[in-house]
Amino acid sequence: MRVVNRKENYIIDDILKGELVETSIKYYAEAKEFYMNEDKSLKDDTKMYDVYQYTLEDGSEVGHLCWGLTVMYPVLINGECNMTRGHFHLNETCGEFYYGAQGNGLLMLMDAHGKTWAEEVFPGSVHYIKGALAHRLINTGDKIFKVVACWPIAAGHDYERVEKQPFGYRVFKYNNKLEHKEIRR
Ligand SMILES: [Fe+2]
C-alpha cells in the first residue's frame, strides 16, 4: 500500500494550516450591526473572529464536504458577548457538525418559527445541527473560543433570513455573570 504524505497539514491545536486553507477575518467595522448597541470604545480594526475553511471539492455535489475552524476572540460589545453573524442553510436538507476545540461558549439555535435555544460548547463537545435550524456561535468565556465544523458545501449561507427573523435572545456578561435577554420581535 502506498501511504501518501500530503503537503498540507490541518491541525487544530493552533489553527488550520495548509495551501488549500482559505482564511477570512471579521473585524468590528464589518460586524457592528450584529450587536445591540455600537461600542464607541472598540476600534474598527478589532478582530472579532477568524474563519478557516478547507475542502478538496467544488461543491457541485451535495456530498462535497468542507472542514472549518472558527476562532472567536473574547470581546464584549457594550456588555454583549461576541458572536458570529449566524445563518440558516439555503439547502435545508444539509445538516452540520460543530465540535468544541478550545474555550467556552454557546451554540445558539433557532427554528423556522423563531423559537430559540442554545447548547453549551466546551472542549470535546459535539453538536449536530439539523439542516432547518439557524445557528450562531457566542464566546461567553474570557479566552479564545475555537469551534471546528464540518458541513456540505451545498448547504450555503442564508444571512438575510436571520436579519428578517432575528434570533430570539442576546447574551450579555455583566460583572462576570451571563444574562440571556429575550428580544421582542
Ligand atoms: Fe452552517
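Looking across segment 83-93 at every residue that is in contact (Cβ under 8 Å) with a residue 60 or more places away in the chain and surrounded by 19 or more Cβ atoms within 10 Å (Cβ to Cβ), the one that is farthest from residue 45 (Cα to Cα) is identified as 89. The listed residues are 43, 47, and the only one of them that is among the basic types (Lys, Arg) and touching a strand residue (DSSP E or B) at 6+ places or on another chain (Cβ under 8 Å) turns out to be 47. Within segment 81-132, the residues that satisfy the criterion of being within 13 Å of the ligand (Cβ to nearest atom), among the charged types (D, E, K, R) and either within 17 Å of residue 163 (Cβ to Cβ) or outside any strand (DSSP E or B) (or both) are 85, 92, 130. The single residue among 80, 96 that is touching a residue at least 12 places away in the same chain (Cβ under 8 Å), on the phi < 0 side of the Ramachandran plot, within 13 Å of the chain's Cα centre (by Cα) and crowded, with 19+ Cβ neighbours inside 10 Å turns out to be 96. Per the listing 117, 151, the residue uniquely free of Cβ contacts under 8 Å to residues at least 12 places away in the same chain and not charged (D, E, K, R) is 117.
Scanning segment 146-162 turns up one or more residues that are more than 14 Å from the ligand (Cβ to nearest atom), touching a Gly at 6+ places or on another chain (Cβ under 7 Å) and modelled with pLDDT of 95 or more.
For segment 56-80, the set of residues classified as assigned to a strand (DSSP E or B) and more than 11 Å from the ligand (Cβ to nearest atom) consists of 65, 67, 69, 71, 72, 76, 77, 80, listed by residue number.
Against the criterion of being of a type in the set (Ser, Thr, Tyr), in a loop (DSSP other than H, G, I, E, B) and surrounded by fewer than 17 Cβ atoms within 10 Å (Cβ to Cβ), residue 24 does not qualify.
Among the numbered conditions (1) within 14 Å of the ligand (Cβ to nearest atom); (2) farther than 23 Å from residue 15 by Cβ; (3) aromatic (Phe, Trp, Tyr); (4) touching an Asp or Glu at 6+ places or on another chain (Cβ under 8 Å), the only one that residue 169 does not meet is (1).
The values are calculated or read from the model by the stated rules, or taken from the named source; none is laboratory data. All values reported here derive from a predicted model rather than from experimental measurement. Cβ coordinates were reconstructed from backbone atoms using ideal geometry, including for glycine residues, and neighbour counts include every protein chain displayed.
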